[in-house]
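The values are calculated or read from the model by the stated rules, or taken from the named source; none is laboratory data. Everything quoted here is computed from the prediction, not taken from an experiment. FYI the Cβ positions are ideal-geometry reconstructions off the backbone, even for glycines, and counts take in every protein chain you see. Calculation scope for accessible area: heavy atoms of the full protein, side chains included, ligands and nucleic acids excluded. Shrake-Rupley method; radii C 1.70, N 1.55, O 1.52, S 1.80 Å.
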Amino acid sequence: YTAIQQGINASENGDTVLVSNGIYYESLIINKIISLVSNYIYTFDENDIIEPIIDGQEYTVIHIGQLEFPPSIIGFTIQHGDDGISVWSNANILNNKILNCIDGIDYESGGGICRGNTITYNSDDGIDLDGDINLILDNNVISNNTDDGIEIRLHPSSNYLFTLISNNSIFSNQEDGIQFIDYIGYSNRKFIIEKNLIYNNSMAGIGCMGNENSIENYEGAEIEEVIYVINNDIVGNSYGISGGVNLVALNNIIINNSLVGINNLIENSIVLYSIIWNNNNNFINSNIN
């Protein structure tokens, strides 16, 4: 087929749609349980990620509909979209380059596995989490996005939801590395943030915002969701970690943040066994042991 969408339309559940190198100006809809792949799955050659290029021409580049089982997207450069990938079910998003979109990946529901991607130079967030999300987010490079590296909106939900953020490099984003945004209402979520490099972000390495506010003001909001921050390097941001009333930080290196290392970790929050050094203020109004 001469267009990727034609191949998707001709496929059936369980098929693989293999895309040759080249530039494709398309806005794709994946509404089947397929694997959309490049030659990278055979060669493991980075050049087979640089091409093929899927260019959305300012529309959503890839929309993943609500599906019973996860489709896979492997080995593409995805660019110039409203969303690079819009996700409405579980999906495997592996070894892609997502750049020059508004949001790189926009999770509206579902989740799945996001691994080995480079998500950079997007004009809003690298990764945006909304709705009910269960996600493994590991071994990605998330950098140079105009807003947050990862933005997490804590919409009310009665479902148990879990997100693992592990082994990522999150740096040089123009607001927070990871930002939590609180909403009124119950949200039964747990987060583990472990073994990440979170550095040189313009505002907070990890920031908590209240009242649906997504503009970092260093309030250190009293977010109630359970957040574990373990074995991370949080270096060279304005603030290191800001906010949370159920945030447990263990074995982190929190150094050289230009304003504050630890801010407003109160009530059930605690910082233990960490190196907190050479920040302008090492900690303010926080439980440090």
Task: Residue that is nearest to C114 (Cα to Cα), among those in the stretch 155-180 that are over 14 Å from the mean Cα position of the chain (by Cα) and not in a loop (DSSP other than H, G, I, E, B) - done: L161
TODO: Could you tell me which numbered condition K190 fails, if it satisfies all but one of (1) outside any strand (DSSP E or B); (2) open to solvent by 50 Å² or more (accessible area, probe 1.4 Å); (3) among the charged types (D, E, K, R)?
DONE: (1)
- [ ] Assess whether N96 counts as being open to solvent by 70 Å² or more (accessible area, probe 1.4 Å) and modelled with pLDDT of 95 or more.
- [x] no
Task: Selected residue (criterion: most open to solvent (accessible area, probe 1.4 Å)) from residues of the stretch 130-150 that are in a strand (DSSP E or B) and under 16 Å from Y199 (Cα atoms) - done: V141
Open item on the list: Condition check: open to solvent by 20 Å² or more (accessible area, probe 1.4 Å) and on the phi > 0 side of the Ramachandran plot. Does E12 satisfy that?
Closed with: no
Open item on the list: If I ask for residues that are free of Cβ contacts under 8 Å to residues at least 60 places away in the same chain, in a loop (DSSP other than H, G, I, E, B), more than 19 Å from I184 (Cβ to Cβ) and open to solvent by less than 10 Å² (accessible area, probe 1.4 Å), which ones from the stretch 215-250 would you list?
Closed with: N232
Task: Residues within the stretch 78-89 that are open to solvent by 10 Å² or more (accessible area, probe 1.4 Å) and closer than 25 Å to Y42 by Cβ, tallied - done: 1
Task: Counted residues, the stretch 255-277 - those being under 16 Å from A204 (Cα atoms) and not in a strand (DSSP E or B) - done: 6
